[in-house]
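Some notes on the structure that comes next.
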């Protein structure tokens, strides 16, 4: 996994790359929780900066609101 998410990294993604990222997130079969978290952050960054590519997979980064009380 990449140590940081750069604009160049995000621009390098195409539909196939985002689909592969989404597949990994949906399968949720990572060697460590940190690998899954890195993919989640990457998908979230794509949803913000490249919404055209991430739109079909936005459900993977949406979070349900919760009450902290």
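All of the numbers you see were taken from the coordinates with simple rules; none came from a lab. If you're wondering where the values come from, they're calculated on a predicted model, not measured in any experiment. As a convention, Cβ positions derive from the backbone with ideal geometry for all residues, glycine included, and neighbour counts pool all protein chains shown.
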Self-check item: Cα long-axis angle, helix 15-27 against the chain (0 to 90 degrees, to the nearest 10)
Solution: 30 degrees
Quiz item: What is the helix-to-structure angle for 33-49, meaning the angle in degrees between its Cα long axis and the longest Cα principal axis of the chain, kept from 0 to 90 and rounded to the nearest 10?
Solution: 70 degrees
Quiz item: Arranged from highest to lowest average of other beta-carbon atoms within 10 Å per residue, in what order do the peptides 17-25, 39-47 appear?
Solution: 39-47, 17-25
Quiz prompt | Given (1) 45, 23, 17; (2) 41, 28, 21; (3) 60, 26, 22, the label whose value is Cα extents along the principal axes in Å derived from this model | solution = (2)
Exercise. As a check on your grasp of the helix formula, calculate [θ] at 222 nm for the chain: sum -39500 (n - 2.57) over DSSP H runs of n ≥ 4, divide by the residue count, round to the nearest 500.
Key: -16500 deg cm²/dmol
